[in-house]
Amino acid sequence: MDKRKRIVAGNWKMNKTPAEASAFIKALKPMIKFSRTEVVCAVPFVAIQTAVTASRGSRIKIAAQNMYFEEKGAYTGEVSGPMLRDLGVKYVIVGHSERREYFGETDEIVNKKVHAVYKYDMRPIVCVGETLAQRDAGLTAEHIRYQVKAALVGLTAEQVKKLVIAYEPIWAIGTGRTATAEQAEEVCRIIRMTVKELYGKRISSVVRIQYGGSVKAENAAELFGMDDIDGGLVGGASLKLDEFAAITSC
Ligand code: PGA
């Protein structure tokens, strides 16, 4: 039986000022009152403080979109785990494909960041996904299994239980081209089976797996209804109040 709590996270990327974030979250609060889904907003670093304040008295959790793995020191421009935890951050997105592509994040860096997120008592949302070329070459399963294993190196079973993995096919991000529910389920199943191989059935059955890539109110219910899909990581549609609220209540 599926006892996993659904989790919908908005990935705002580089959008919204602190003032806009505060207004958005205040307006979202009453709209998600009756949702049974865990609702998360991953806001830009500079908006975290106002977002956390605005979210008080609601079930909305605030996430960061990235984090450096070192605790402190001479790392100009970086933000550490203790800094985020101190602000009230609950989740950190790690290894989003945009970070891997534009900021050179390797699987090794992703793994270090995952460890650091746990070290500072937050939970990672680890992103994996294949390019269109990999899909067309029939390499999706192999690539996803590799990315999942690389991200999880050295984690304990207790840590993995708290993990959220987001399957985001790169060809579906921001393109309006959503994976079909069957395509998404097929890969989310592969992810769960990979976790099962590493940590056993009990752990793999509690890990939550999101789908991401052009999720909208119109396709969310079908995607989230699949056996191995426990919610979504939503980019563009998470910036629109009505649309995001609708997705959280799918
Ligand atoms: P999208 O982005 O919903 O705009 O496709 C998803 C993501 O990158 O997390």
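Quick notes on this one:
- Total residues in the range 194-250 satisfying the condition of being of a type in the set (D, E, K, R) and in contact with an Asp or Glu (Cβ under 7 Å, 6 or more places away or on another chain): the figure is 4.
- So Ala217, is it open to solvent by 10 Å² or more (accessible area, probe 1.4 Å) and in contact with a Cys (Cβ under 6 Å, 6 or more places away or on another chain): no
- Among the helices (runs of 4 or more DSSP H) confined to the range 161-249, the ones with at least 1 residues that are more than 15 Å from the ligand (Cβ to nearest atom), more than 13 Å from the chain's Cα centre (by Cα) and under 29 Å from Pro18 (Cβ atoms) are located at 241-248.
- Checking every residue in the range 2-20 against the condition of being assigned to a helix (DSSP H, G or I), away from the ligand (no atom under 16 Å from the Cβ) and in contact with a Phe, Trp or Tyr (Cβ under 8 Å, 6 or more places away or on another chain) gives zero matches.
- The residues of the range 148-160 that are open to solvent by 10 Å² or more (accessible area, probe 1.4 Å) and either part of a loop (DSSP other than H, G, I, E, B) or farther than 22 Å from Val89 by Cα (or both), listed by number, are Lys149, Ala150, Val153, Gly154, Leu155, Thr156, Ala157.
Okay, residues lined up against (1) of a type in the set (A, V, I, L, M, F, W, C); (2) under 18 Å from Val234 (Cα atoms); (3) buried (at least 17 other Cβ atoms within 10 Å of the Cβ); (4) in contact with a strand residue (DSSP E or B) (Cβ under 9 Å, 6 or more places away or on another chain):
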{"position": "Leu87", "(1), (2), (3), (4)": "yes, no, no, yes"}
{"position": "Tyr91", "(1), (2), (3), (4)": "no, yes, yes, yes"}
{"position": "Ala133", "(1), (2), (3), (4)": "yes, no, no, no"}
{"position": "Gly138", "(1), (2), (3), (4)": "no, no, no, no"}
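- Residues (among the small types (Gly, Ala, Ser) and open to solvent by less than 60 Å² (accessible area, probe 1.4 Å)) located in the range 161-193: Ala166, Ala172, Gly176, Ala179, Ala181, Ala184
- Sub-7 Å Cβ pairs linking a first residue in the range 130-154 that is touching a residue at least 60 places away in the same chain (Cβ under 8 Å) to a second residue that is of a type in the set (Lys, Arg) and open to solvent by less than 40 Å² (accessible area, probe 1.4 Å), at least 6 apart or interchain, number zero.
- Consider the range 21-43 and keep the residues that are part of a loop (DSSP other than H, G, I, E, B) and not polar (S, T, N, Q). The one that is modelled with the highest pLDDT is Val43.
The values are calculated or read from the model by the stated rules, or taken from the named source; none is laboratory data. The structure displayed is predicted, hence computed values, not measured ones. Note that each Cβ is placed from the backbone with ideal geometry, even for glycine, and that neighbours are counted across all protein chains shown. We work out accessible area using only protein heavy atoms, side chains counted, and drop any ligands, DNA or RNA first. Shrake-Rupley method; radii C 1.70, N 1.55, O 1.52, S 1.80 Å.
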